[in-house]
1. Going by what's in this entry, would C:P76 be described as in contact (Cβ under 8 Å) with a residue 12 or more places away in the chain and farther than 16 Å from D:L37 by Cβ?
2. If you take the residues in the range B:65-90 that are at pLDDT 95 or above and touching a Lys or Arg at 6+ places or on another chain (Cβ under 7 Å), which one is nearest to ligand 5 (Cβ to nearest atom)?
3. State whether the residues of the range C:70-87 include one that is more than 7 Å from chain D (Cβ to nearest Cβ) and closer than 30 Å to C:M350 by Cβ.
4. Output the number of the condition that B:M207 fails; it satisfies all remaining conditions of (1) surrounded by 23 or more Cβ atoms within 10 Å (Cβ to Cβ); (2) within 12 Å of chain C (Cβ to nearest Cβ).
5. Please verify whether A:E129 is within 25 Å of the chain's Cα centre (by Cα), more than 8 Å from every other protein chain (Cβ to nearest Cβ) and among the acidic types (D, E), treating the condition exactly as stated.
6. Looking at the range A:124-143, is at least one residue away from ligand 6 (no atom under 16 Å from the Cβ) and part of a helix (DSSP H, G or I)?
7. Please state which of the following conditions A:V322 fails to meet, knowing it meets all the rest: (1) free of Cβ contacts under 8 Å to residues at least 12 places away in the same chain; (2) surrounded by 23 or more Cβ atoms within 10 Å (Cβ to Cβ).
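The values are calculated or read from the model by the stated rules, or taken from the named source; none is laboratory data. Computed from a prediction, not measured in an experiment: that's the story for all the values here. Heads up, the Cβs are rebuilt from the backbone with ideal geometry, glycines too, and the neighbour counts pull from every protein chain shown.
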Number of protein chains: 4
Amino acid sequence: MSNSADRDDVLGRARVRDTAELEAYYDDLAGFETGALWTVANDIEPWEPTPKSAPVLWRNADLRAQVLRAIDLVRPEDAGRRVVYLRNPKRREVSAACGWLFSGIQVMKAGERAGAHKHAASALRFIMEGQGAYTIVDGHKVELGARDFVLTPNGTWHEHGISEDGTTCMWQDGLDIPLTNALEANFYAVHPDDYQVTNLPANDSPMTYGGPGLRPAMDKWDKPYSPLLCYRWEPTYEALQNYAKVTDGSPFDGVKMDYVNPVTGGDPMLTMGASMQLLRPGEHTRAHRHTGNVIYQVAKGEGYSIVGGQRFDWKERDIFCVPPWVWHEHCNTQTGDDACLFSFNDFPVMKKLGFYAEQALEDNNGHQILIT
Amino acid sequence: MSNSADRDDVLGRARVRDTAELEAYYDDLAGFETGALWTVANDIEPWEPTPKSAPVLWRNADLRAQVLRAIDLVRPEDAGRRVVYLRNPKRREVSAACGWLFSGIQVMKAGERAGAHKHAASALRFIMEGQGAYTIVDGHKVELGARDFVLTPNGTWHEHGISEDGTTCMWQDGLDIPLTNALEANFYAVHPDDYQVTNLPANDSPMTYGGPGLRPAMDKWDKPYSPLLCYRWEPTYEALQNYAKVTDGSPFDGVKMDYVNPVTGGDPMLTMGASMQLLRPGEHTRAHRHTGNVIYQVAKGEGYSIVGGQRFDWKERDIFCVPPWVWHEHCNTQTGDDACLFSFNDFPVMKKLGFYAEQALEDNNGHQILIT
Amino acid sequence: MSNSADRDDVLGRARVRDTAELEAYYDDLAGFETGALWTVANDIEPWEPTPKSAPVLWRNADLRAQVLRAIDLVRPEDAGRRVVYLRNPKRREVSAACGWLFSGIQVMKAGERAGAHKHAASALRFIMEGQGAYTIVDGHKVELGARDFVLTPNGTWHEHGISEDGTTCMWQDGLDIPLTNALEANFYAVHPDDYQVTNLPANDSPMTYGGPGLRPAMDKWDKPYSPLLCYRWEPTYEALQNYAKVTDGSPFDGVKMDYVNPVTGGDPMLTMGASMQLLRPGEHTRAHRHTGNVIYQVAKGEGYSIVGGQRFDWKERDIFCVPPWVWHEHCNTQTGDDACLFSFNDFPVMKKLGFYAEQALEDNNGHQILIT
Amino acid sequence: MSNSADRDDVLGRARVRDTAELEAYYDDLAGFETGALWTVANDIEPWEPTPKSAPVLWRNADLRAQVLRAIDLVRPEDAGRRVVYLRNPKRREVSAACGWLFSGIQVMKAGERAGAHKHAASALRFIMEGQGAYTIVDGHKVELGARDFVLTPNGTWHEHGISEDGTTCMWQDGLDIPLTNALEANFYAVHPDDYQVTNLPANDSPMTYGGPGLRPAMDKWDKPYSPLLCYRWEPTYEALQNYAKVTDGSPFDGVKMDYVNPVTGGDPMLTMGASMQLLRPGEHTRAHRHTGNVIYQVAKGEGYSIVGGQRFDWKERDIFCVPPWVWHEHCNTQTGDDACLFSFNDFPVMKKLGFYAEQALEDNNGHQILIT
Ligand SMILES: [Fe+2]
Ligand SMILES: [Fe+2]
Ligand SMILES: [Fe+2]
Ligand SMILES: [Fe+2]
Ligand SMILES: [Fe+2]
Ligand SMILES: [Fe+2]
Ligand SMILES: [Fe+2]
Ligand SMILES: [Fe+2]
């Protein structure tokens, strides 16, 4: 009897031993599209979650060249979106990077434009490189710079492009497509005119909603996502630096800010959150674990993270994931500069449904033992 | 080229044709735990949801005898819970009755008692027959009668039993266990004392919170679920009859009331809702479809439902399910009496995440053509 | 120097002594529509509130005959409403019964009908006697019985009447008119057709929203007040009796329930709340005080209340008020029956603005010393 | 019969003519602390609000010298606060600047410090001139510069001072003291240690909460007011300029932003809101009126406002008020520069209680006729 079976040999767990009579009963039940709960109870009511995704590091050094190859291989008009997606080895069947989150790297070159569509899934982007990229969301055009964080919320018409005088641009996409599919709720439509026509001034969203502690007095925003569609890198990094001067930060995350909907102070979109965190020179956080999936991109600096006992060394534009209920800790190995990690997650799902749980590692002074 | 492939041959969809060069590229991508989005895009971004569960009718006439057999085959102390669960033929791998919802029929006899435990999954019950059943939720004991609707919310200690002078009792269980597992958020614990000890008066929950339009002035309830743990049949049926006198009802559902948390007016639990609906004598509703899973139990009367073009004839205590985005309509075939359908669903999940969608059938005067 | 002046002779209070130079300065300031804060600071920033209203008991034995006299003296068509209002001796200039709350007793006889109007002020009624009364609120007609609690929320068209086969009816009105005027926000309009025309079935509001723990599934109610316009006495009293079986109640209020908006669980209207409380045979509560004004009507039984050290003996249909921050306690002097107090208040105002405060009397075992 | 009396001679208004019999009745009613509603009904239910405050302009040119005189006349330790308050000629009895809002100008010189206290009333400040001012709110010290907007919310310990190397500083105070007193809810306490002792880094509040679209991930803020205690002028003015590039603005207010609690997107405090609005060169807005009181301070530029038909010419640091339901329009008379108006108001009170109403002037192309 295994260790787990031992633990299950208590009142309140299923511990029925099979008999011939029971086997016959089970056969009869199957004939009525039913089963005996006690034959599956301990499996479907585990003591705690066990990870269904692998921790993975995707190195920009590896991926960048592969992504660039796609430019000559497919056109956006044929591909829909020219994206190399991150395929978690344990989530291949749902095309997910981690859990129910999709992620990929999109590349476009100057003058290219991908048609407008909409879907029930929500999307976000984190800009990696290039000049001249823009996205248009329900008629609001936003010009994008490196390390900007951008929203294309569920149900909005959206399209991307690069201006004629721009350069080849790359960004990371994050979507809840696997979740939307799992919940059988995905809908898709292409724009009737292929592309949106708009008279709104460019960047009207960040220029209207990007002020601190302010809200346009005429504002009637009532959609379930943020009207601030683009969170610029510069004020974000400045805010982190200011905050770092007056806080010790979190033992698990260093100096961390969540991107929020300025109209509510809550999540920017219904199903996904995002954060930027700063690790001070040499800072090595303590390990914790929680439910929910997190996908990181290194925005600045270098260091490593230990995820599930495995060390992943990272530098700028590397991407890695932390599956649910897996211990993780972060280290900025630089002695003279801070490191910044962008991340997005499905915490809004976990929190709205009452499924968010968190635990600090007590042993070994809060640090994991590396698996060798 | 299939019909669906035709529809996908438009700007905004993936329509890249495989070439040897691309195949080589795909191989290279796989080596980096990546893939080309356009090879899966149309699959993971479908035009609309396609059902992953089958519509199923479970007849009480079939199930009752099978469930009763379990009394002699297993003891609650060994089974954890003596439950025959409903296994959707297309959801066997997750032990679900429909989508991400679990359901089963539990049976206990006089004097039996099942130990206390708790879990991150939420549970509800709808009482089918018998006298003397009770449940204890975080120390609050509730005595249960036929057609009462009962909550055991996420994270609460709970246990069930039948009083010594009771009779064999049966009820339907509904849980979000498959969802909780899919989201990797299930936790389980058995009570340290096996059973709860409580000094609270029996039925304190319905006697405190069961008044209409009233709230105890001292109330400080701040948990994310209803303090009203049991919704009795008699006032529910009376409310439906009153409401029926002043409403035409819904074209799709007849006279329908949702069970709500009286402290907020919202969902009784974070992940599941429940309703009771009344169909007038001879009423045949029009068809609609929506996202979210619904599992029905016939509380009163007889009739049929057409689900996805299939007719399912039902009578009291029969159970059937309606998967997401499948057309459905209901008919009370009795000419002299109303019929009542209890149902529970995962609409709270769909609505909180922005995934709820609904559509009325326009063709054929709102009625489905039966599949023959 | 008075006791209060002593207490003010500390750092943080104004304690500037007048001089000739200062007097000249004050004169100059007055010329610019200004003043020196320190000359009024201690007055406008008191240590705690001092009551501006007197505690008053209005006996039904006194008032009933006076109110009936009005039937022959004025017609509703000329009076607007045939109401004798309760005039607090210390609030005559604002026609208030207590603080910023208006209250009066309205009387109508069989077949009378008062025209429809609307106003920014909110109104409520508590029915005292008679058969056949009705009110129509935005087209929803409600038939009224003794001890029913009824809403006519801010901005709704409303009118009252007595059916031809009814009897002379009396009810207590409660309104926030003085508050609305103080805040310079009162608007008034008479109905363009004098009376509302409606095809809605009578009592559709309580028949739709009067079920416990239920909400019509089609409901789209989004107004800032309760769709349940009438809270019947019978289920209210039954709920209190049930609750009394499982609670010790409040030391200050006995067994008390607040009337709530069933769609939100919150206040029935934006500015006024209401409650029904039950005092067990012989129950004498402990004294407390709080901000906010409360006006009581005795719904059942007899007893007394001590308010600000004064004893007020009451029986059915007597009305009394408790001004802000005045100690009060209640006593049911009956040994064989419970007593019930209906009350309404402006707690929603106090709570929304952060002004609610409460204190228990510690001295003398929680009981006031009577002022002799 | 007056015009107003004419208007009241309709069904739905009181139009009872006095008779000897009625006079006798009124005398009897008075003996029972009651009255006949119809004798006061039209007064207490007016067709619309009539202003209880006068529009007033307080010129900095007048006030500054008077305020400075106070430095030599009183010490903060004796005055509590060295403030010259603005006394509306029609609100002298409640020491209000407009409606239920208090305002005054406070002055302190280098090295002065006023003791810590707290009260149920909320306070805000708008800095007019000087260097080295600071305020400490519940231990959070904020250093203040010209045109910063600062909060000292209800119930917080607060104190002000000027650093030893600072200069004489002046700021406008705004409080809801008259409202708090009218609602009989004011409480006051002096700090047990006279001054607060704190180890928190200076400006931790704006450095933590002053970033745009961001929220500290560790934040557990749950108080009913903003954790951002100081809104700096520079980012506010920058936000207005950005917003001006992408909006036409409001016809009544130009380009206007409300200061908000970044954690909720709502009002910064429970009872008072505040805004900064920019009028483009030469912009003359259209007139509107609304309930609620507004007190303005000119933050930048010059121009005039027409309030209730009276023209008030203003320049920097002038203060003026707009009483409820009085028409008002604003004009920037400068041709080469924008003008900015800071204002605070009691709109949160009006909106929470359902009393906010607004109307655009239709006549004369939206402009008032000056009263001559
Ligand atoms: Fe998309
Ligand atoms: Fe983490
Ligand atoms: Fe369970
Ligand atoms: Fe349905
Ligand atoms: Fe009225
Ligand atoms: Fe009280
Ligand atoms: Fe103060
Ligand atoms: Fe205005």
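1. Working: in contact (Cβ under 8 Å) with a residue 12 or more places away in the chain: yes; farther than 16 Å from D:L37 by Cβ: no.
In short, no.
2. B:K90
3. No - not one qualifying residue is present in the range C:70-87.
4. Answer for B:M207: the failing condition is (1).
5. Values: within 25 Å of the chain's Cα centre (by Cα): yes; more than 8 Å from every other protein chain (Cβ to nearest Cβ): yes; among the acidic types (D, E): yes.
In short, yes.
6. The initial filter retains those residues of the range A:124-143 that are away from ligand 6 (no atom under 16 Å from the Cβ), namely A:124-143.
Next, from what is left, pick out any that are part of a helix (DSSP H, G or I): none.
Within the range A:124-143, not a single residue is away from ligand 6 (no atom under 16 Å from the Cβ) and part of a helix (DSSP H, G or I).
7. The failed condition is (1).
Okay, residues lined up against (1) buried (at least 17 other Cβ atoms within 10 Å of the Cβ); (2) on the phi < 0 side of the Ramachandran plot; (3) among the aromatic types (F, W, Y); (4) in contact (Cβ under 8 Å) with a residue 24 or more places away in the chain:
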| position | (1), (2), (3), (4) |
| --- | --- |
| A:R13 | yes, yes, no, yes |
| A:A36 | yes, yes, no, no |
| A:E48 | no, yes, no, yes |
| A:W58 | yes, yes, yes, yes |
| A:A65 | no, yes, no, no |
| A:D72 | no, yes, no, no |
